[in-house]
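One structure below.
Computed from the coordinates by the stated procedures, all read-outs in this text should not be read as laboratory data. Since we're looking at a predicted model, the values are computed, not measured. Please note: Cβ atoms are built from the backbone with ideal geometry, for glycine as well, and neighbour counts cover all protein chains shown.
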Amino acid sequence: MFCKEGGSPPLLKGLKCPGKPAINSFLPPMSSPGTLLVTGGAGYIGSHTVRHLLEQGEKIVVLDNLVFGHREALPRDRVSLVQGDMADGALLERLFEEHRPEAVLHFAAFAFVGESVTDPLKYYRNNLAAPLVLLEAMQRHGCGRFIFSSTCATYGNPVKVPMNEDHPQAPVNPYGASKWMLERVLRDCDHAWGLKSVFLRYFNASGSDPSGEIGEDHEPETHLIPRILMAATGEIPEISVFGTDYPTPDGTCIRDYIHVCDLATAHAKALGYLRQGGETTPVNLGTGRGFSVKEILQTAEAVTGRRIPVTYGPRRAGDPPELICEPSRAKALLGWEAQFKDPRSHIEHAWRWMTGPGGGRYPRG
C-alpha cells in the first residue's frame, strides 16, 4: 500500500495517508479467546501442542492432510479435524466461515533437509507458497494472530554459540530458506495490515508425551533419538554416527535437545503473549545446554539397558560441530523456560512410547 501523494509506504503501525484509514484498521479487536486453527496439528509437535492447549481449555480445529500426520494422535471427541490442504483456497474459505478462528498455529511443513536439497521446489511450494493462501484467508476474515513453527535452520552455520535471535540468518539449505522466507512474509504482513506473529525457532525437538500415549512417528525417521531407540529394539540393525573428529570434547556433534512437551507449552505462552497485545518477534526455543551424540548414545543405553550397535563414519557435509540455543528472550518475553532440560527424560519418554502397545507407531491405513 502506497500513499498517492508521496509514493512512500506507510510502514509504521497506524500511519495514515492523507484521507486514508490506518493500514491495519480493518482488523477487529480480539480480546476474548476464540477458536484456534492448528495447521499440521496431527503431526509430531502439532499433536503434542493440541493436547496441551486442550488441557488449557482451548477450542481447536485442526487442518491436516494426513500425509505425515496421524488421525490417531488427536482425541476425536475434543477436536474438529478438517482433512485437507492449506493451499486449497475454497476449503480455507469454508473453514474460516464456519469456525471463525481468532489465531492460527502453523505447524504444517516438510522438514527433511536432504530432500529439500534434491527437490527444492517441493519445499518452496509447500513451506512458502501454500501458507500464502492461508495468510490471504486470514486477512479476508480479520484473523490477526499467527504462531509460526520456525527453526534454528534459518541461522545456517553458527557464527557464535550459543545463538540468540540476533544471530545472522543465512540458511544453507532450501528447508531453512523456506522457513526464513516465510518469516519475512510475516513481517511484511505486520507492516501492511497489522498481523502479529511469533516465530518460534526450535532447536532439536525430541521426546514424547510422558504418558506414552502419543509420540514421534515419521516415515522415514531421521532424528537421532528415535533412530537410536529403533536400533535398541532391533527395528534397524545399527545407528550411524557421522564424524568423530569435531572440535568437541568427545569428537562428536553437540546439539541442544528441546522436549516436545516444552515446545507445546511455549506455543501456549506465545498465544498468551499475542492475546495481550504482543508485537511480532522471533523467539528461540531450546534449553541452553548441549549434549554430544556419544552422550545421547550412552544415556540411551542406560535407559534401555541394552547395548546399541553403532557404526562410525566420516563427517556429513553441512553438519556444524555445535548448535546451542540462547533462550533468554523466551523467558523474558513469554515467561517460558524448558522443564525437561536433561535429555535422559526425553529418552525415557520416547522409550515409553516406543515400547508401548503400539510399538511407537500409529495405526496405518
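Per residue of region 185-200, what does 6.51 cos²θ - 1.76 cosθ + 1.60 with θ = phi - 60° give for ³J(HN,Hα)? Whole Hz please, x for Gly and Pro, Karplus curve as stated.
Here the 3J(HN,Hα) series is 4, 5, 4, 5, 5, 4, 4, 7, 9, x, 5, 10, 9, 10, 9, 8 Hz.
Give, as a single signed number, the net charge of other residues whose beta carbon lies under 12 Å from the beta carbon of LEU128, with Lys and Arg counted +1 and Asp and Glu -1. Don't jump to the answer; show the numbers that get you there.
Numbers: positive: LYS122, ARG125, LYS179, ARG184; negative: GLU183.
Once all neighbours under 12 Å are counted, the net charge is +3.
What is the distance in Å between the Cα centroid of region 136-203 and that of region 288-365?
24 Å
Out of all Cα-Cα pairs in region 212-365, roughly what percent, to the nearest whole number, are more than 24 Å apart? If you can, show how the numbers build up before the last one.
Values: 4939 of 11781 pairs.
Looking at region 212-365, the distances longer than 24 Å represent 42 percent of pairs.
Contact order normalised by length for region 96-149, with contacts defined as Cα pairs under 8 Å and 6 or more residues apart; what percent is it?
Working: 35 pairs, mean separation 34.6, N = 54.
The normalised contact order for region 96-149 reaches 64 percent.
Compute the signed sum of charges (Lys and Arg +1, Asp and Glu -1) over the other residues within less than 12 Å, Cβ to Cβ, of ALA300. Present the calculation step by step, with values, prior to reporting the outcome.
Working: positive: ARG227, LYS294, ARG306, ARG307, ARG344; negative: GLU295, GLU301, GLU348.
The answer is +2.
Please compute the length gained on full extension between ARG125 and ARG78, using 0.36 nm multiplied by the number of residues separating them and subtracting their Cα-Cα distance.
Details: separation 47, 0.36 × 47 = 16.92 nm, distance 3.15 nm.
Gain in length upon complete extension: 13.8 nm.
Let me check against my output: what whole-number percent is the relative contact order of the chain, with C-alpha pairs under 8 Å and at least 6 apart? Intermediate values should be presented prior to the final figure.
Details: 705 pairs, mean separation 64.9, N = 365.
Computed value for the chain: 18 percent relative contact order.
What FRET efficiency comes out for the pair VAL133/ARG275, r = Cβ-Cβ distance, R0 = 25 Å, nearest 0.05?
On the way: r = 25 Å, r/R0 = 1.00.
My answer for the efficiency is 0.50.
Taking loop as defined by DSSP and a crowding limit of 16 other beta carbons within 10 Å, which GluC sites (Glu not before Pro) in region 132-223 fit? It would help to have the intermediate numbers written out before the result.
Values: sites: GLU136, GLU165, GLU183, GLU213, GLU216, GLU221; in loops: GLU165, GLU213, GLU216, GLU221.
Here the GluC sites (Glu not before Pro) that fit, given the DSSP loop and packing criteria, are GLU213, GLU221.
Skipping prolines and chain starts, which residues have an amide H placed within reach, meaning under 5 Å, of the one on VAL161, given they are 5 or more residues away or on another chain?
none
Tell me, what is the FRET efficiency for GLN298 and HIS218 to the nearest 0.05, using R0 = 22 angstrom and their Cβ-Cβ distance as r? Each step should come with its number before you reach the end.
Values: r = 24 Å, r/R0 = 1.09.
Given R0 = 22 Å and the Cβ-Cβ separation, E is 0.35.
About the Cα centre of the chain, what is the dipole size in debye to 20, counting +1 per Lys and Arg Cβ and -1 per Asp and Glu Cβ, all else neutral?
Details: 38 positive and 41 negative charges, 144 e Å.
Taking the Cα centre of the chain as origin, the dipole is about 680 debye.
Assuming 0.36 nm per residue, please report the length gained on full extension of the stretch ALA90 to VAL117 beyond their Cα-Cα distance.
On the way: separation 27, 0.36 × 27 = 9.72 nm, distance 3.12 nm.
The ALA90-VAL117 span can extend by a further 6.6 nm.
What is the spin-label model distance, in nm, from ASP245 to ARG364 if the labels are put 7 Å beyond Cα along the C-beta direction?
3.9 nm
Dividing the convex hull volume of the alpha carbon atoms of the chain by its residue count, what do you get in Å³ per residue?
145 Å³
For a quick check: with amide H placed at 1.01 Å from N, whose amide H comes under 5 Å from ALA103's, ignoring anything fewer than 5 positions away on the same chain?
Under 5 Å from the amide H of ALA103: LEU37.
Report the FRET efficiency, 1/(1 + (r/R0)^6), for THR35 and SER211, where r is their Cβ-Cβ distance and R0 is 25 Å, rounded to 0.05.
Working: r = 26 Å, r/R0 = 1.03.
Efficiency at R0 = 25 Å is approximately 0.45.
Under a 5 Å amide H to amide H cut-off, with H placed in plane at 1.01 Å, what residues pair with VAL310 once short-range neighbours are removed?
So VAL310 has HN proximity to ILE239.
Looking at the calculated P(r) for region 155-286, what percent of the C-alpha pair distances fall above 18 Å? List each step's numbers first, then the result.
Details: 5866 of 8646 pairs.
Result for the distance tail: 68 percent.
With Cβ to Cβ distances under 13 Å as the rule, what net charge do the other residues near THR39 carry (K, R +1; D, E -1)?
On the way: positive: none; negative: ASP64, ASP85, ASP88.
Net charge around THR39: -3.
For the chain, set up a GNM with springs between Cα atoms under 10 Å and report which of LEU92, LEU105, LEU263 has the largest fluctuation.
LEU92
Suppose a student asked you for the relative contact order of region 204-310, using Cα pairs under 8 Å spaced at least 6 residues apart; what percent would you report? Walk me through the numbers on the way to the answer.
Working: 109 pairs, mean separation 37.8, N = 107.
35 percent.
So what are the ³J(HN,Hα) numbers for region 331-345, from phi and the Karplus equation (6.51, -1.76, 1.60; θ = phi - 60°), rounded to whole Hz, Gly and Pro as x?
Result, rounded to whole Hz: 6, 5, 8, 9, x, 10, 8, 5, 9, 9, 8, 8, x, 4, 5.
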